[in-house]
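In what follows, a single structure is set out as structure tokens and then discussed.
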């Protein structure tokens, strides 16, 4: 057992239109390489816990699995880490780290309005981070436990949520705020979201360099914000482009 852990939920959901493993298998290969290189334990959740109606809520069960570790990273299965990314566990001590999610203010605002009913606190855009890449000291595992308890107490409503605004992300942000946890905000390079909106799939054609911006400048590439079908294609293209570095 190493002192740090990367925790990923990669569950094939029978109710999903598309098999998520068609893209996650490439992302996980990148994490396997990186974790081995930096002597970090990697745990992939492939079977949903019976307590979870939707697979995504297995993320919060990290509070049970990560006991005994010093630091943990909870990352989505649609993230790929660059082969030479430095050890992000060296970036913090007893902190909770994440990256701001500010690519769609309207979506975030509506999500905060919808999920705010469960909390007695308020948030602004300055408080809101993307929950697809989280690095934190295990003293914060109680936050994950509290999120899972909220889910369990409202399971039917949350499993059938039809008000938009995502799943657990906004709830997680509210829980941080309600428990007076101020995140250490990291550079976007540690969670490059909405890469297509940021034109990061383009390259410096003026320099004759065909390497996409996201590969050159990011450490963790988060393939989100577009359809699952596009995600499968883009992740596969990316892996074909970079796999020889792993």
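The values are calculated or read from the model by the stated rules, or taken from the named source; none is laboratory data. Source: prediction; values computed, not measured. Neighbour counts run over all protein chains shown; Cβ positions are idealised from the backbone, glycine included.
A quick yes/no check of all residues on (1) surrounded by 13 or more Cβ atoms within 10 Å (Cβ to Cβ); (2) touching a residue at least 24 places away in the same chain (Cβ under 8 Å); (3) within 19 Å of the chain's Cα centre (by Cα):
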| residue | (1), (2), (3) |
| --- | --- |
| 175 | yes, yes, yes |
| 189 | yes, yes, yes |
| 194 | yes, yes, yes |
| 200 | yes, no, yes |
| 206 | no, no, no |
| 209 | no, no, no |
| 219 | yes, yes, yes |
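Can you spot a residue in segment 81-102 that is loosely packed, with under 15 Cβ neighbours inside 10 Å, free of Cβ contacts under 8 Å to residues at least 12 places away in the same chain, part of a helix (DSSP H, G or I) and more than 18 Å from the chain's Cα centre (by Cα)? Yes: segment 81-102 contains one or more residues that are loosely packed, with under 15 Cβ neighbours inside 10 Å, free of Cβ contacts under 8 Å to residues at least 12 places away in the same chain, part of a helix (DSSP H, G or I) and more than 18 Å from the chain's Cα centre (by Cα).
Do the conditions hold for residue 132, that is, is it modelled with pLDDT of 95 or more and surrounded by 14 or more Cβ atoms within 10 Å (Cβ to Cβ)? So residue 132 fits the description; yes.
Summed over segment 19-51, the residues that are more than 20 Å from residue 231 (Cβ to Cβ) and touching a residue at least 60 places away in the same chain (Cβ under 8 Å) give a count of 2.
Scanning segment 145-165 for any residue that is in contact with a strand residue (DSSP E or B) (Cβ under 9 Å, 6 or more places away or on another chain) and touching a residue at least 24 places away in the same chain (Cβ under 8 Å) turns up nothing.
Counting only helices (runs of 4 or more DSSP H) that sit wholly inside segment 148-246, those with at least 1 residues that are touching a helix residue (DSSP H, G or I) at 6+ places or on another chain (Cβ under 8 Å) and under 14 Å from residue 82 (Cβ atoms) are 213-217, 228-242. Kindly indicate whether any position in segment 116-132 is closer than 28 Å to residue 43 by Cβ, touching a residue at least 24 places away in the same chain (Cβ under 8 Å) and assigned to a loop (DSSP other than H, G, I, E, B). So far as segment 116-132 goes, yes, one or more of its residues are closer than 28 Å to residue 43 by Cβ, touching a residue at least 24 places away in the same chain (Cβ under 8 Å) and assigned to a loop (DSSP other than H, G, I, E, B).
Selection over segment 35-55 of residues that are in a helix (DSSP H, G or I) and crowded, with 19+ Cβ neighbours inside 10 Å gives a count of 2. The set of residues in segment 7-26 being more than 15 Å from residue 59 (Cβ to Cβ) and surrounded by 17 or more Cβ atoms within 10 Å (Cβ to Cβ) consists of 23, 26.
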